[in-house]
Amino acid sequence: MLEGLATWFLNNYLGKYLENLDTDQLSISLLQGAVELENVPLRKDALRFIEPSIEVRTGVVGHIKLTIPVSRMRSEPWTLLLEKVSIVLGPQKFNQYDEEADDLVRLETKLAALDGIEGDWRAAQDGEGSSSSGYYPVTSSWLSYGTSFIGTIVENLQLDIRDVHVRYEDDVTNPQQISAMGFTLESLAAQTCDEFWSPKFVHRDPTLGQLDSFKIVSMTNMAAYLDCPAERYSDLSPSELATVLSVSNTTSTSHTPRQYILSPVSATATIKRHCLGKPLNSKKQPRVVADLQLDTLQL
């Protein structure tokens, strides 16, 4: 049952971004309450939902660790750790444009919105205790926990991302000279809290009008740079890519020194999100309210 839940979580939230995500050996790791994956490559279409004209040239996640409090799943959060995230993006070439794939991305965006509305309906069904009338598209033993329980796990998930480098290489605009831009991030952490901004495991019941979720997000040393001219990193092997794009590597291998357009900066944010799946029709009800405390910016 726990194996099925962990497999669903990894496939549903990471499977659309990662290539060859092997969840067949989860039972061995779950005995220790943790699942670890090493050097998982990114899918070429992982970020197409952001902009269909951008493709992943190469990318790898060096370390993924999902920690599950096996004996305290209803009182302690799951923790997802992503380390050594190295991604090289590039413009999609005109002769590689796939109209059907573009339409599919737009369709998936609409389906995601419908899933949110359906999730509210399922939570309402669970709240009324009408398990016999509940609708579940997938038959699995762990669904006996109820979709409200699964939603609580996802909402209380603690996310910890370390050593991130995303780079965009343009070899189309000027084929004679590659230009690149990117950003680096030492760490990003997010955890759930209550309405008083105290980190804790939260049980939110939409049927009681509890429609707001609260998060604290902390970011450490994010920087942005421009390389022109630039070396081509998209041809590197995953191990070479992880070394070259490591946050600790602050130099460029090209003859021109790396030009930082944003020096490393840290920040903390409190985020209040209205979780109603339906569109908000009132101008007085924002979807997200955020309070950002930013260190001094050096441009």
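Kindly state, to the nearest 0.05, the FRET efficiency for residue 280 paired with residue 200, given R0 = 25 Å and r defined as their beta-carbon distance.
FRET efficiency, residue 280 to residue 200: 0.40.
Compare 239, 218 by solvent-accessible area with a 1.4 Å probe and give them largest first, with all protein chains kept in place.
Heavy-atom accessible area, descending, gives 239, 218.
Accessible surface of residue 107 in the full protein assembly, 1.4 angstrom probe, to the nearest 10 Å²?
The accessible area of residue 107 comes to roughly 90 Å².
How far apart, in nm, are the 7 Å Cα→Cβ label points at residue 179 and residue 262?
For the pair residue 179/residue 262, the computed spacing is 1.9 nm.
If DNA, RNA and ligands are ignored and the probe is 1.4 Å, what is the ranking of 9, 49 by accessible area, most exposed first?
The ranking, largest first, comes out as 49, 9.
Assuming 0.36 nm per residue, please report the length gained on full extension of the stretch residue 172 to residue 53 beyond their Cα-Cα distance.
In short, 41.6 nm is gained.
So for the pair residue 208, residue 75, with labels modelled 7 Å out along Cα→Cβ, what separation do we get in nm?
Inter-label distance under the simple model: 1.8 nm.
Going through the cross-link list 16/283; 84/283; 16/215; 65/284, which pairs have a Cα-Cα distance over 30 Å in this structure?
16/283; 84/283; 65/284
According to a simple spin-label model (label point 7 Å from Cα along Cα-to-Cβ), what is the distance in nm between residue 239 and residue 293?
Each label point lies 7 Å from its Cα, and together they span 4.4 nm.
The values are calculated or read from the model by the stated rules, or taken from the named source; none is laboratory data. Just so you know, these numbers come straight off a predicted model, no measurement behind them. Cβ coordinates were reconstructed from backbone atoms using ideal geometry, including for glycine residues, and neighbour counts include every protein chain displayed. Please note that ligands, DNA and RNA were not included when accessible areas were found on the heavy atoms of the full protein model with its side chains. Shrake-Rupley method; radii C 1.70, N 1.55, O 1.52, S 1.80 Å.
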